[in-house]
Amino acid sequence: MLIRRCPWRSVQLHQLWRLRQIHTREPIHDKRWPGWEVVVGIEVHAQIKSRRKLFSESFTSRPGEIPNTTVSPYDAAFPGTLPTLNPKCVELAVRTALALNSEVQFRSAFDRKHYFYSDLPAGYQITQRYSPLANGGYLKLSRGNVAVGITQIQLEQDTAKSTFDGLRRTSLIDLNRAGSGLMEIVSEPDMRSPEEAADYVRTLQAVLRAVGSSDGNMEQGSFRCDVNVSVNRPGEPHGTRCEIKNLNSVRFMMVAITSEVFRHIELLESGCLVPQETRGFDEDKAETFKLRSKEDSPDYRYMPDPNLPPLLISEEYIEVIRKTMPELPDATRARLLNLGLSERDADVLMTVDSGREVGFDGELGKGAVAYFDALAQHRDPKVVVNWMTHELLGQLTVRKETFSDNPISVAQLGELMDLVQDGKITGTSGKSLLKHIITNRSSAPPSVLAQELSLEAISGNDTATLQTWCAETIEALPEEAEAVRRGNPRVLNKLVGKVMQLSRGRANAQNARVVLNDILRR
Amino acid sequence: SLNVNSVHGPVVNPYRTLNEKLIPWAKRERRSAGGSSGGSAAAVAAGMCDAALGTDTGGSVRLPASYCGITGLKPSYGLISRWGVVSFADSLDCVGVLGKSIDTVKIVFDSISSYDPKDPTAATPCIRGKAQASVEALISALDTNTSKPDLSALRIGIPQEYFPTELDTTIVTAVRKVLKRLSSLGAQLIPVSLPSTPYALSAYYVIASAEASSNLARYDGVQYGTRSPPLPGTDKSKPSNVYAHTRSAGFGAEVQKRILLGTYALTADAFDNYFLQAQRVRQLVKSDFDSAFRVPNARLSSSPPNADGVDILLHPSAIRTAPPLDSDATSGLDPYLQDVMTVPASLAGLPALSLPAGSAADGWPVGISIVGQWGSDELVLRIGKVIQRTADTDDSYVPLEELAQSLYLLEHIA
C-alpha cells in the first residue's frame, strides 16, 4: 500500500498498488465534452435501518405510516427532554465503515448545526461535522478498475418531512422522520463521468443492503444524494463546484450531472466564471436551477453538543462487529465459486439474493444465499444450486412470484432433494412434488406428501409393474413402436415419455428405456 | 442576576432587618431577592414553604439564598437529573435546593439525587461511589454531629481572588467571624490562589449565552406554546419572517439580549475568539480547583492528589447585600457583576452551598459559600451544619422562625 500526499487537499491518500492512482488518472476523453474533464463528488445520506431513532425511544417510521404517530417529546423538541444515544445505530454505522475500508475513530463527538426551518423542531440538528465516526476509506466500482475515495462517515439526525400543500398554501409537517438516524457518507471528488457516479451510487446501495445498515432505496427516501460537479481542462486544477440537491433516482442524477457539465462548459467557454451555487433539479426540464448562492448560504454556528459525551469505541468492539457482520458481496461470490458453483450460477444466486429485505437493527435477512448455505450443508452444492435456480425459481417465475414469495422451508426442500438423491422418488416426481408444495402452500414434509400422492418410485426389483407400463405404452403408440423396431432410436424418447406419464413419474426413466428396448427387440 | 425581568415584575426580597421591625410591609425598602431563582428563595424566606427547588446555572440558587438569608445548595453537576428541566445552558444547569436550614436542604437533596438514565450527563452510580469514597475517611474523622466537633483534620482553603476591592468590607467582617469559629474548633485555614478567577465571569457569560441561544432556538410557536401570527402580507416562504413574530413577543428583553450575544459568539467569525477561548478559560478554572484540592476529582481518570491541598474552600457568596430595586445596581452591567463569586464553581461543576453568616452594616443578610471537590456534597453539607449550629450563639443573626412570626403579626396589625 502506497501513501502519498495529495497536492490539492492536505490529506493522505491510501492507494492500492494494483488500482489506478486517482489524482493522476489519465484524463478520460469523453466524446460528449471534448477537451474537458468532469469531476464529481457525492454526499450520501442513508437512513439507518434501526428499530428506534438515533437519540430517542420512538420507532423509526415506515413509508405510508400515519403522520405524526412515531413521535416522542424529544423528537418534537419539547422543553426538558434530553437525548440518549441508540447503540444499534452506532453498530450499523461501524459495519458500514468496515465495509468501506474506513478507519473507525476511537473517539468521535457530536456537534449541533443550527438553522431555522419548520422541519427542524429543535432549531438545530445533531451531527458529527468535526469529529466523525470514521475517516478515509474507498469503494471499488463495478467497472473500470476504479476506486472512489471516502472522506468520512458520520452519524446525524434526520429532519421531519415537510410537504407543501399548494391548494391551501400551507406547509404540512410530519415529525415521524424527525430524529431518525442517518449515516452521511462523503466521497472524495474522484468520479469522472455521470456513469461513474451512477456506478458509485448503485455499488454503495448494494454494500449498505449487504451489511444490513440501510435499505438504500432512493425512491423511498432511505438513500439521498447531493452531487458536487465541476469541470476543468485536463492538467489544470479543479474548477468551481456546484452542488445539486434533491435528486430522486440514479437516472435523474445522471441527467442532472450531464446538464450541469454542459452549463459549466458554456459559461467557461464564453469567458464567464462559474459562480459557486447550490442548485436543484427540474425533472420536467431536465436541467438544474439555482437554489441559493454562496453568499446566501447560512452560517450554521456549529457548537459541540454539551449533552452528549464523546463516543468512545474500542478495538475489541470493532473486532466483534467485524466478525459478526454479514458477508460482503465480493466475499460471498468468492466463497460460492470456491464451493464449485459456476460463475453463472453464482451470479444468478447473488442477483436473487440482492433483492432480499433488509432486517431491522442489522438482523441477518433470509435471502437466497442464506437459503442456499443452509441447504448446502452436507449436500452437493451443485445439486442444491440446480434445484434452486432451475426448479424452484422456475416454478416461482411461472407464477409471477419472486424468491421472497417462496413458501418452501429449508427443511422441506432439503428432504425433497434427499428423497430424489436416494432414489426414493424419481427426479420427475420430485419436480411434481415441488410444484404441489408451492401451489398448495403445504407445510407437510415431502416424505409424507410423496406417500399421500402416491409418488413413491417403484423399486428396481419391481419389474412386473414396469413391464406392464411398457406393454401399455407400446399398445398405445403402435406407430412409434414400429419406428423403433425399424431402427429409429430417437423415437424411443417418446415411448419413454409415455411410460413416465402412465406411471405418473414413478418409473425410473433409465430402466423404462431398457425394458422398452428389450420388448421391441424381441 | 437579580430577578427583575420576570413577566410578573421583580421579585421583592421578604427579609426584614432589625431596624424595620415596626415598619409595615408596604412601606419597607424594596430590595432584590437575587436571581434567577429569586421567587423560590423568597417563598422559603417568607415562610410559605420549608424548601423550594431552583436551577443554578451561574449562581441562580446561591445568590438569592445569600440575599434572602436562607440556605441554598448547588450540588455537583450530574448528581440530580435534568430530565424535565427547561434547558438554559446544558453544561452549566444544575437543579438546586433552597431551604430554611441545612437539615431541610439535605432531606430534599438526598431524595432527588439519584442516577437517571434519561439524562445523558447524569453521573453513574460508579462515579458517585468513587467520589464519596474519597471523602469518607475525612467525614468519619470529623464527627460533625456533636455540638463542639473536632475539626483538626479539616483543611479549609481561603481563595485570595474572592476578596476583590468591590467587596463590601462588612461582608468580610461577617465571613471572618465564621472563619474564627471554625478555627477555634481546630480547622486549619490555608490561603490558596485560583489565578483564573478574574476571567471566569466573562467566560461564563460567553458560554452560557451561546448554549442558551442554541437551547432557546426551539421556541418558534410551531410544535407547542405561544404563537404570534405574522402580519398579513408577510412573505411566509422564509421561516425567519414567521418565527420572528412569535419569538419577539414571547421572549423578554433580557432573554433576547442573551440570545443575540450567544448567537454572535457562535458565528464563524467570532467562534475562535469568544466561544473557543471561553472554553479554554473554563478548562483553566477547572484545573485551578483540581490543583487547590487534596481530594481527587473522580471524573478524571488520573487525578494525582495534591498533598498540600485543601478539603473545601470558603468565601463570601456575593460582593454585596441585596441591592435596592430602584437603583443603578439593577441595570447596566451591575446585575452581571453580582455573579462574580458564584460562576467559578458553576464552570467547574463543583458542589457549592451558600448559608447565612450574619448581616452586613445595612442589616441585610450575608451569605458564605462552601465549595468542595466534585462529588463531595456530603462533606460540604456537614461543614455547613457545623457553621449553622455554631451560628445560633451569634446575636446579630435573626433566626427565621422569629422573622416569620413577626411578619404574620404585622400583616394582621397593619
Let me know the volume per residue of the alpha-carbon convex hull for region A:463-521, in Å³.
62 Å³
Bin width 10 Å, alpha-carbon pairs only: give the P(r) of region A:321-453 as whole percents, running from 0 to the bin holding the largest distance.
11, 42, 34, 12, 1
Mean projection of the alpha-carbon convex hull of chain A over all orientations, in nm²?
34.3 nm²
Treating the angle as unsigned and between 0 and 90°, give the value, to the nearest 10°, between the Cα long axis of helix A:492-502 and the longest Cα principal axis of chain A.
90 degrees
Taking the alpha-carbon centre of each part, the distance from region A:227-303 to region B:34-65 in Å is 57 Å
Accessible area buried between chains B and A, both sides summed, probe 1.4 Å, in Å² to nearest 100:
2400 Å²
Taking R0 as 30 Å, what's the FRET efficiency between A:LYS285 and B:LYS236 from their Cβ-Cβ distance, rounded to 0.05?
0.70
Could you rank the peptides A:47-55, A:304-312 by their average count of other C-beta atoms within 10 Å per residue, with the highest value first?
A:47-55, A:304-312
Over region B:1-142, relative contact order from alpha-carbon pairs under 8 Å, at least 6 apart, %
20 percent
Residues from region B:88-122 losing no less than 30 square angstrom of accessible surface in the full protein assembly compared with the chain alone, 1.4 angstrom probe, ligands and nucleic acids excluded, are B:ASP90, B:PRO120
One would report the Cα pair-distance distribution of the protein assembly as shown, bin width 10 Å, in %, as 2, 10, 15, 16, 14, 12, 10, 8, 5, 3, 2, 1, 1, 0, 0
Could you tell me how many cubic angstrom of Cα convex hull volume chain B has per residue?
158 Å³
Contact order normalised by residue count of region A:321-453, Cα under 8 Å, 6+ apart, percent
18 percent
Across bins of 10 angstrom width beginning at 0, how are the C-alpha pair distances of region B:177-311 distributed, in whole percent?
11, 24, 23, 18, 14, 8, 3, 0
How many Cβ atoms of partner chains, on average, are near each residue of B:254-265 if near means within 10 Å of its Cβ?
1
Quick one: go through region A:477-495 and flag any residue whose amide nitrogen is under 16 Å from the point 7 Å out along the Cα-to-Cβ line of A:ARG521.
A:484-490, A:492-493
Roughly how tilted is helix A:194-211, in degrees to the nearest 10 and between 0 and 90, from the longest Cα axis of chain A?
70 degrees
Determine the residues within region A:107-136 where the difference in accessible area between the chain on its own and the full set of protein chains amounts to at least 50 Å²; count protein heavy atoms only and use a 1.4 Å probe.
A:PHE116
Heavy-atom accessible surface of chain B: percent carbon and sulfur, 1.4 Å:
57 percent
Probe 1.4 Å, heavy atoms of protein chains only: per residue, the accessible area of region A:237-379 in Å² is 57 Å²
I'd like the Karplus ³J(HN,Hα) series for region A:435-442: coefficients 6.51, -1.76, 1.60, θ = phi - 60°, whole numbers in Hz, and an x wherever there's a Gly or Pro.
4, 4, 4, 5, 5, 8, 6, 7
Computed helical MRE - 222 nm, chain B, DSSP H runs ≥ 4 contributing -39500 (n - 2.57), nearest 500:
-12000 deg cm²/dmol
Please compute the per residue accessible area over region B:1-132 with all protein chains in place, 1.4 Å probe, rounded to a whole number of Å².
38 Å²
With the full set of protein chains in place, find how many percent of the accessible area of region A:321-453 is carbon and sulfur; take the probe as 1.4 Å.
52 percent
Evaluate the Debye formula for region B:1-153 with equal point scatterers sitting on the alpha carbons, no solvent, and hand back log10 of I(q)/I(0) at q = 0.12, 0.18 Å⁻¹, in q order, two decimals.
-0.62, -1.10
Å² per residue, accessible surface of region A:463-521 at 1.4 Å
59 Å²
Hey, which lysines would be in cross-link range of B:LYS180, C-alpha to C-alpha under 20 Å, not counting anything within fewer than 8 residues on its own chain?
B:LYS148, B:LYS385
So who's got an amide H within less than 5 Å of the one on B:ILE368, skipping anything under 5 residues away but keeping other chains? H placed 1.01 Å off N, in plane.
B:SER317, B:LEU355, B:ALA357
³J(HN,Hα) computed for each position of region B:105-120 - Karplus, 6.51 cos²θ - 1.76 cosθ + 1.60, integer Hz, glycine/proline x:
4, 5, 4, 5, 4, 4, 7, 10, 9, 10, 5, 10, x, 6, 9, x
With all protein chains present, how much of the accessible area of region A:463-521 (probe radius 1.4 Å) comes from carbon and sulfur, to the nearest whole percent?
47 percent
Give the lysines whose C-alpha is closer than 28 Å to that of A:LYS290, dropping any in the same chain fewer than 8 places away, or say none.
A:LYS31, A:LYS113, A:LYS161, A:LYS245, B:LYS236, B:LYS238
Normalised contact order of chain B, rounded percent, pairs of Cα under 8 Å and 6 or more residues apart:
23 percent
Amide H contacts of B:GLY96 (H built 1.01 Å from N, under 5 Å, at least 5 apart or other chain)
B:GLY54, B:THR55, B:ASP56
For a quick protection proxy, order the peptides B:190-198, A:110-118, B:376-384, A:438-446 by their average other-Cβ count within 10 Å, most packed first.
B:376-384, A:110-118, B:190-198, A:438-446
Mean ellipticity per residue at 222 nm, deg cm²/dmol - from DSSP H runs of n ≥ 4 across chain A, formula -39500 (n - 2.57):
-10500 deg cm²/dmol
Once R0 is set to 22 Å, what does the formula 1/(1 + (r/R0)^6) return for the Cβ-Cβ distance between A:ARG32 and A:SER293, expressed as a FRET efficiency to the nearest 0.05?
0.20
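The values are calculated or read from the model by the stated rules, or taken from the named source; none is laboratory data. Nothing here was measured: the structure is a model prediction, and the numbers come from that model. Positions of Cβ are generated from backbone atoms using ideal geometry, with glycine treated the same way; all protein chains shown enter the neighbour counts. Quick note on the areas: whole protein, heavy atoms, side chains included, nothing else; ligands and nucleic acids left out. Shrake-Rupley method; radii C 1.70, N 1.55, O 1.52, S 1.80 Å.
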